[in-house]
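Scroll down for the structure; my scribbles are underneath it.
Each value in this text was obtained by applying a stated rule to the coordinates, not by laboratory testing. Predicted, not measured: the structure shown is a model, and the values here were computed from it. Cβ atoms come from the backbone with ideal geometry, glycine included; neighbour counts cover every protein chain shown.
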Amino acid sequence: MLTTSVTALAASADEASPCQPGEQVCDAVWDWTDSRRFAEWSDVLIGKPLAVIGLILLGIVFRWVLHRVVDRVARRAEVGVLPERVEAAITARRKQRAATMAGVLKSIITIVVSAVVGTMVLSELGVNIAPIIASAGIIGIALGFGAQSLVRDFLAGIFIFLEDQYGVGDVVDLGEANGTIEAVTLRMTRLRDINGTVWYVPNGEIMRVGNKSQNWSRAVVDVGVGYGEDLVRVQRVLREVAHDLWDDEDFNGVIVEEPEVTGVEMLAADSITVRVMVKTAPLQQWAVARALRQRIKARFDHEGIEMPFAQRVVWHRDDRKQPQQEGAAASAGAPESAADDREG
């Protein structure tokens, strides 16, 4: 009899509970407060906010972990494999490229994580996300067809950053446009040529890139000497001049390897060309070449080595007409003299 009454009371208590099976928050509030109203609103007031906060915290933690991974990859990218003297000249550039790449990857990670967490939060709040996902897919397809060039520019910009093809401050050849890079975004590249003209080039339109300032550069100086000069002596003098430039403290860190005299490069009509090559830090090849030419000229003047110039023979039209006129006048006067002789 007692057991039957206890079972009946338990059944009536279960029937009086406003919570659905599996609603742990509702059951806990019902047990704590015995208030039907609090139990019914517990899921809205406590359960969903806790779930939303948990998703947001999970997204923040996941984003933080991925950002740390990107930072570690960027730090590894700063370590080079070139000789120490070259590395000292391009450390700042490599750090800048690594920071740029890390910034782009972090932005992509933040956008993706925010989109996923936002969708999960909407689902937790009871919003039907199926239409949202379908709409996003339709919009993505529409953008893919309607903005193909824009998507191509963005994809090309991402690979430009990832592959470190060029960056701000580099001197590049992009085909139609040549100059110094002033800005690089995911959509376009802005550079200024030697005349001061600013070029805006969409990244998707870049078919090839010639970077004149990546890792290291080379100054190539061709020196012309006369055919009567001793080439062995000329090459010895060039090696001495180049070595003095290499030992100059003003060019420490600018010239990264011992200069090389490759020898005779060309036999021209007026001179013999001897080539000197100097490996330099990025963007320093032009200054080094100018300094080397100046020193070569001064040393050649001191050594008496001739640097020939082109010689040409020029005929003036007036000089050719004058002998012809004199000859015609002489031939015209001959019969008159003969006639005079006959008359005499």
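Of note:
- ³J(HN,Hα) computed for each position of region 181-187 - Karplus, 6.51 cos²θ - 1.76 cosθ + 1.60, integer Hz, glycine/proline x: 5, 9, 7, 9, 10, 5, 9
- Exposure proxy ranking, count of Cβ atoms within 10 Å, fewest first, for Met266, Met101: Met266, Met101
- Placing pseudo-labels 7 Å out from each Cα toward the beta carbon at Arg239 and Ala310 gives an inter-label distance of 3.3 nm.
- Ranking of Lys297, Lys279 by neighbouring Cβ atoms within 10 Å, starting from the fewest: Lys297, Lys279.
- The string of couplings for region 260-277 from the Karplus curve (6.51, -1.76, 1.60, θ = phi - 60°) is 10, 9, 7, x, 6, 9, 7, 9, 9, 5, 10, 7, 9, 9, 10, 9, 10, 10 Hz, one whole number per residue in order, with x for Gly and Pro.
- Additional length obtainable on full extension of the chain from Ser123 to Arg275, 0.36 nm per residue less Cα span: 47.6 nm
- Computed from the C-beta positions of Leu150 and Arg190 and an R0 of 25 Å, the FRET efficiency is 0.90 to the nearest 0.05.
- Region 230-273-region 186-216 distance, computed between alpha-carbon centres (Å): 32
- For the pair Thr197 and Gln294, the difference between a 0.36 nm per residue extended length and the Cα-Cα distance amounts to 31.9 nm.
- Using 0.36 nm per residue and subtracting the Cα-Cα separation, the extra length available between Asp301 and Leu231 on full extension is 23.6 nm.
- Packing-based exposure ordering (other Cβ within 10 Å, fewest first) of Trp199, Trp286, Trp315, Trp216: Trp315, Trp286, Trp199, Trp216
- Overall, region 165-211 carries a charge dipole of about 120 debye about its Cα centre when +1 sits on the Cβ of Lys and Arg and -1 on the Cβ of Asp and Glu, all other atoms neutral.
- Label point distance in nm, Phe62-Leu162, each placed 7 Å from Cα along Cα→Cβ: 2.1
- Each of Ile296, Thr273, Leu245 was placed along the dipole of region 217-303 (beta-carbon charges, centred on the mean Cα), and the one lying farthest toward the positive end is Thr273.
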